[in-house]
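The structure appears below as structure tokens.
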Amino acid sequence: FPSPADIDAYRNTVERVFMTDRGGTIGGMAACVMCHTWQTRPMRFSLETPATDGGWSVEQSRKNFDIVTKLVNTKDPEASRLLLKLLATQAGGFNHTGGTYWKSREDPEYQAVLKWIRSLPPGRYVPAAEPAVDFTFFRSCVQRVFATPPEGHIACSNCHAGGLVGFAPPPQNGKAWSDEEARRAFQSISRVIIPGNPEQSRFLLKPLHPDGGGTYTHNGPRRWQSQSDPEWQMLAGWVRGDRKGE
């Protein structure tokens, strides 16, 4: 269990980053807390809603600490997802729909969070190995989902054809995806799944109705009413690494 000193260090270093105003959602980037609270439940990076305008209570911070330490790697601190999601891709970071906070690894804020990760017990917070997610099954079965909307709905491609969430671009020839197109889409969708964990993967939670365990926010329609939907189960098996081939 984290000690009071561990929680204090976390509150003074990491939660300060989460609360920092980046200029808003228009013309700048919002603070982490603007998106990663109730709107993101039950995804893995979902913080408590701050008790006051000034921040979280100590008890809330303890709960946040448990969430955040699942995004760090004390065996290889610079590989921590907590760092890479906010780091510019040019500096080796991941794409983040909320924007880039740090242009380089020399940013003082990046260095402060890295120092905090290094202060944690080296072997305590190490992510488990993720299963391989099969490309062949993606191309033969998952991409069909993008092109076959339920009656009365729009196709995934209507909204997810480009940009950071462009995992479902329509085929350029209007009939079938080329190998290159499928590979690009597979790379894009990898940003919205957690291999081995469909229950917290954005790809499966955003179109799922909140009453069935989905997220509260999705600009498009709800494709599935519950996790028992056969299509949801098929995709969940793929994310777990169980569904392979054609």
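The values are calculated or read from the model by the stated rules, or taken from the named source; none is laboratory data. Since the model is a prediction, treat every value here as computed from it, not as a measurement. These accessible areas exclude ligands, DNA and RNA; they are computed on the full protein's heavy atoms, side chains included. Shrake-Rupley method; radii C 1.70, N 1.55, O 1.52, S 1.80 Å.
What whole number of Å gives the distance from the Cα centroid of the range 200-245 to the Cα centroid of the range 30-47? What the calculation gives is 18 Å, centre to centre.
Expressed as a whole percent, the accessible surface of the range 48-109 that belongs to carbon and sulfur atoms is 49, based on a 1.4 Å probe. Once a ≥ b ≥ c are taken as the square roots of the eigenvalues of the Cα gyration tensor of the range 1-125, is the result rounded (a/c under 1.5), prolate (a/b larger than b/c) or oblate (a/b not larger than b/c)? It comes out oblate by the Cα gyration axes.
Residue 180 contributes an accessible area of around 120 Å² to the protein surface, as traced by a 1.4 Å probe with all chains present.
Of interest is the spacing of the C-alpha centroids, which for the range 98-133 and the range 68-83 amounts to 4 Å. Estimated at 0.36 nm per residue, the fully extended path between residue 136 and residue 222 surpasses their Cα-Cα distance by 28.3 nm. Normalising the average separation of contacting C-alpha pairs (under 8 angstrom, six or more residues apart) by the number of residues puts the relative contact order of the chain at 16 percent. One decimal place: the segment residue 52-residue 3 gains 15.3 nm when fully extended, by the rule 0.36 nm per residue minus the C-alpha distance.
What's log10 of I(q)/I(0) for the range 98-172 at q = 0.21 Å⁻¹, Debye sum over Cα points only, no solvent? Reported log10 I(q)/I(0), two decimals: -0.96.
Candidate cross-link partners of residue 103 among the lysines, defined by an alpha-carbon separation under 30 Å and a same-chain spacing of 8 or more, comprise 63, 70, 75, 85, 115, 206. Ignoring everything but the protein chains, give the 1.4 Å probe accessible area of residue 34 in square angstrom, nearest 10. Roughly 110 Å² of residue 34 is accessible to a 1.4 Å probe.
Measuring only protein heavy atoms, the 1.4 Å probe finds residue 206 accessible over about 60 Å².
Values (1) 57, 38, 34; (2) 65, 39, 38; (3) 51, 38, 37 are given for comparison; Cα extents along the principal axes in Å, derived from the coordinates here, is the one labelled (1).
Surface exposure of the chain, expressed per residue as accessible area with a 1.4 Å probe, stands at 53 Å².
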